[in-house]
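Report on the following structure.
The values are calculated or read from the model by the stated rules, or taken from the named source; none is laboratory data. Treat the numbers as computed from the prediction; the structure is a model and nothing was measured. Please note: Cβ atoms are built from the backbone with ideal geometry, for glycine as well, and neighbour counts cover all protein chains shown.
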Amino acid sequence: MFVVYDLACNGLREPAGVTGAPTFSWRLGSDRAGTRQAAWRIVVTSMRTGSVAWDSGRVVGQRPRAVYAGERLEPDEQCVWFVTAWDDEDEQAHGTPSAFACGSTGDRLRSSWGRQRVGMVWTSDERLNDAMEASSAHERIAGTAAERLVWAVAGTEALADERCVANEYDELVRRVWEDVVGLRGICQDGGRVRICVPTSCDLAFAQGTLMMPCGMMFIRWDRVGDGLELRVSLPPGVCGTLGIGSTTRDVGSGRHVLRAAKGGKV
C-alpha cells in the first residue's frame with residue numbers, strides 16, 4: 001500500500017504568519033521495497049471563499065516538495081491544501097488535508113479536525129471557534145468546559161453537562177457539522193450530500209471546508225438582512241440537495257448560491 005503523510009508548509013504543521021510563496025512537503029510510505037513517487041498534484045483552497053487558489057495538475061517528479069505557484073494570497077488568507085501522489089506503478093494516495101494562514105501578525109490558525117470527517121469549521125462566534133480548537137486532536141478529553149460550550153452554542157444545551165465521555169468526541173464534531181454548518185448527510189459512497197441551513201442557530205455566519213474523496217467541499221451560510229444566503233462548492237462527481245427552511249434545490253457539482261427570506265421564500 002502506498003501512503004502520503006506528514007504534510008508540512010514551510011516545514012511546519014498548519015503554520016500561521018506565512019508570507020510569500022509557501023513551500024509544501026510531505027512524506028511517503030509503502031509496503032513494497034524500493035517504491036518511489038512518480039508524480040504529484042497539490043490543490044490549495046481558500047477557506048474564506050471556497051475557491052481553488054492553485055491546482056498544480058499532475059506533475060511528474062520524485063521529490064516530495066513543491067513551491068506554491070497559484071493566485072495571489074491575501075495577507076489574512078487561510079487555506080487548506082492536500083497532495084495526491086502516484087508511485088512508479090501508478091498507485092494513487094491522498095494525504096490528509098492540512099492548512100496554513102497567511103500574514104505577518106502571527107495569529108494562530110483556527111481549525112477543527114475530526115477523526116471521521118477531516119475538515120475545518122469557522123463561525124462568527126469566537127467562543128465556538130476557541131472551543132472547537134481546544135477540543136481538537138490536541139485535547140480530546142471530553143467533559144471539558146470547551147466541549148460543553150460547543151454543545152451549548154450548537155443548540156444542544158441538554159447535553160452541555162458532565163455527561164460527556166471520552167468516546168463522544170466524534171459525536172461532538174458530527175453535531176457541530178450538522179447543527180452549526182448544516183451538513184445533514186453524506187451518502188456512503190460520497191456521491192451525494194444534503195445541506196440545510198440551521199435557521200435556529202443564532203450565529204451571523206458559519207462555514208466548513210471538508211475533504212472528500214474527489215476534492216474539497218465548501219459550505220458557508222450568512223445572515224443577510226432579513227434572510228439567509230447559502231453558498232456551496234461541490235467537487236466533481238458530487239451532487240446534492242440545498243435547503244433554507246422550506247426552500248430547497250437539487251444541484252450538481254460546482255458553485256451554487258441559494259437565498260431565502262424569513263419563512264423560506266426565495
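Observations
- Scanning the range 12-29 for residues that are loosely packed, with under 15 Cβ neighbours inside 10 Å and more than 22 Å from VAL60 (Cα to Cα) yields LEU12, ARG13, THR19, GLY20.
- Of the residues making up the range 30-79, just one is part of a strand (DSSP E or B), among the charged types (D, E, K, R) and buried (at least 16 other Cβ atoms within 10 Å of the Cβ), namely ARG41.
- Contact map, the range 72-92: first residue of a type in the set (Phe, Trp, Tyr), second residue outside any strand (DSSP E or B), Cβ cut-off under 7 Å, separation 6 or more or different chains; pairs are TRP81/PRO97; PHE82/GLY95; PHE82/PRO97.
- Single match in GLN92, GLN62, GLN78 (criterion: under 19 Å from LEU7 (Cβ atoms), more than 22 Å from the chain's Cα centre (by Cα), at pLDDT 75 or above and outside the structural domain of CYS201 (by TED's automatic domain parsing)): GLN62
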